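Here's the structure, in C-alpha cells; my notes come after.
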Amino acid sequence: MTHMDPSDPGSTPSIARIYDYVLGGSANFQVDREAAQVLLDAFPGERDYAWINRAFLRRAVTELCALGVDQFLDLGSGIPTVGNVHEIAHRVNPEARVAYVDIDPVAVHHARGLLDGDPRVTATEADVRDPRSVLDAPGVRGLLDLDRPVAVLVVALLDILEVDDAGALVAAYRDACAPGSALVVTNGCQMAATDAELEAFRAVLARTPTPTMTMRSADEVAALFAGYTLLEPGVVPSAAWRPDVPVTAEQAAGSNSWGAVGLRA
Ligand code: SAM
C-alpha cells in the first residue's frame, strides 16, 4: 500500500484529488492531474461515471430532503465541488445540517475553506472505518442529533475502501442512527466499461493510498441495506435512479455503478 507523506500531500496521487480533477475541479496537484490524465486517456468513460455519480447524489439528497430528512452524514465526502450536499440540501431546507467526513487532508482543508464558518455544516478528517471516532468527532457529534433521523451517504466510497466486512461497517452507522434514518449508496460495477478500461483504473488506483477496487453486484449492494426499506426503483444503475429525464439503456450502462437509497422504519 502506498502511503501519502503527510508533510507533502503532493507527492502521491489521491483518489479524492484525481476525482476532483476528473470533475473539473482545481484542488489537485500535478501528480493527481498526471494520474487522472492517464486514467482518462485509457478510460474516457470515467468522466461520465463521475458526473453520473454526482447527479445521483443530487437527486438522492433532494428526495430525502423532500421526505423531511434534514441531517446528512457524508462519509468519504471528497473535495467540495459544484452541487455539494449542503448546497443541494439548503435549496430545499435552509436548516439542514451536513457533516462531511474524509480521510484526505486536502479534501477536508478545502471543505473548511468553502464552508467559511457556516454553523450548519462541518468537515471532519477521519477514517470512516472507525465509526466510533467518526460519530464522536466534534464536527459530527456537535452538529448532528443522532436521536433524530440522519441520512448516511456512502457514495463512491465502498468500492475503494479496504474493509473486511462492508455490511458490518454500514450496519454500525445504521445502529447509531435513529429510526427514520436513511442510507444512500453507490458502488462501482462493470457495465459499459471494458476489461482493459477497468484494468487502467486499477493501475492508477494502485498508485494511491486507496489501492484496491471492489466491484459489487446488485444483490451485494442490496445486502448493504439490511434493516432499511429500499425506495423505488431499488438498486439500479445510478443514472436510472429517479432520473430527471428518461435515460436510455446505453446511458444507464455508462453509470458503471449501482445507486440505491433506503429508509429505516
Ligand atoms: N463521495 C464523494 C462523491 O461521491 O462525489 C467522493 C467520492 S471519492 C471517489 C472517494 C472519497 O473517499 C475520497 O475523497 C477519499 O479521500 C475518501 N476516502 C477513502 N477512504 C476513506 C476512509 N477510510 N475514510 C474516509 N474517507 C475515505
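Return yes or no: is A123 in a strand (DSSP E or B), touching a residue at least 40 places away in the same chain (Cβ under 8 Å) and within 12 Å of the ligand (Cβ to nearest atom)?
Against the criterion (in a strand (DSSP E or B), touching a residue at least 40 places away in the same chain (Cβ under 8 Å) and within 12 Å of the ligand (Cβ to nearest atom)), A123 qualifies.
Looking at (1) open to solvent by 20 Å² or more (accessible area, probe 1.4 Å); (2) within 12 Å of the ligand (Cβ to nearest atom); (3) at pLDDT below 95; (4) touching a helix residue (DSSP H, G or I) at 6+ places or on another chain (Cβ under 6 Å), which is the one condition that is false for M4?
Just one mismatch for M4, condition (4).
Looking at (1) over 21 Å from R216 (Cβ atoms); (2) surrounded by 21 or more Cβ atoms within 10 Å (Cβ to Cβ); (3) within 15 Å of the ligand (Cβ to nearest atom), find the lone condition where P105 falls short.
Every listed condition holds for P105 apart from (2).
Kindly indicate the residue of segment 10-30 that is open to solvent by less than 30 Å² (accessible area, probe 1.4 Å) and assigned to a helix (DSSP H, G or I) and also modelled with the lowest pLDDT among those meeting that condition.
The residue in question is G10.
Residues to consider are P94, P80, P44, P13; find the one that is under 20 Å from L114 (Cβ atoms) and either touching a residue at least 60 places away in the same chain (Cβ under 8 Å) or away from the ligand (no atom under 15 Å from the Cβ) (or both).
Answer to the check: P94.
Tally up the residues in segment 164-175 that are touching a Lys or Arg at 6+ places or on another chain (Cβ under 9 Å) and over 12 Å from A265 (Cα atoms), please.
Counting residues in segment 164-175 that are touching a Lys or Arg at 6+ places or on another chain (Cβ under 9 Å) and over 12 Å from A265 (Cα atoms) gives 3.
Could you pull out the residue among P80, P94 that is in a loop (DSSP other than H, G, I, E, B), open to solvent by 60 Å² or more (accessible area, probe 1.4 Å) and either closer than 19 Å to W241 by Cβ or not hydrophobic (A, V, I, L, M, F, W, C) (or both)?
P94
Could you count how many residues in segment 134-154 are open to solvent by less than 50 Å² (accessible area, probe 1.4 Å) and either part of a loop (DSSP other than H, G, I, E, B) or of a type in the set (S, T, N, Q) (or both)?
Total satisfying the criteria: 6.
Please return the ranges of helices (runs of 4 or more DSSP H) entirely within segment 160-265 where 2 or more residues are open to solvent by 40 Å² or more (accessible area, probe 1.4 Å) and over 30 Å from R33 (Cβ atoms).
166-176, 218-223
Out of the residues in segment 168-209 that are within 16 Å of the chain's Cα centre (by Cα) and not aliphatic (A, V, I, L, M), which is nearest to the ligand (Cβ to nearest atom)?
Restricting to residues being within 16 Å of the chain's Cα centre (by Cα) and not aliphatic (A, V, I, L, M), the top hit is T186.
Could you check segment 38-58 and list, in sequence order, the residues that are closer than 15 Å to E199 by Cα and either assigned to a helix (DSSP H, G or I) or open to solvent by less than 30 Å² (accessible area, probe 1.4 Å) (or both)?
V38, L39, L40, D41, A42, F43, G45, E46
The values are calculated or read from the model by the stated rules, or taken from the named source; none is laboratory data. Note that the structure is predicted; figures quoted are calculated from it, not measured. Because the Cβ atoms are built from the backbone with ideal geometry, glycine has one as well, and the counts that use them run over all protein chains shown. With ligands, DNA and RNA removed, areas are computed over all heavy atoms of the protein, side chains included. Shrake-Rupley method; radii C 1.70, N 1.55, O 1.52, S 1.80 Å.
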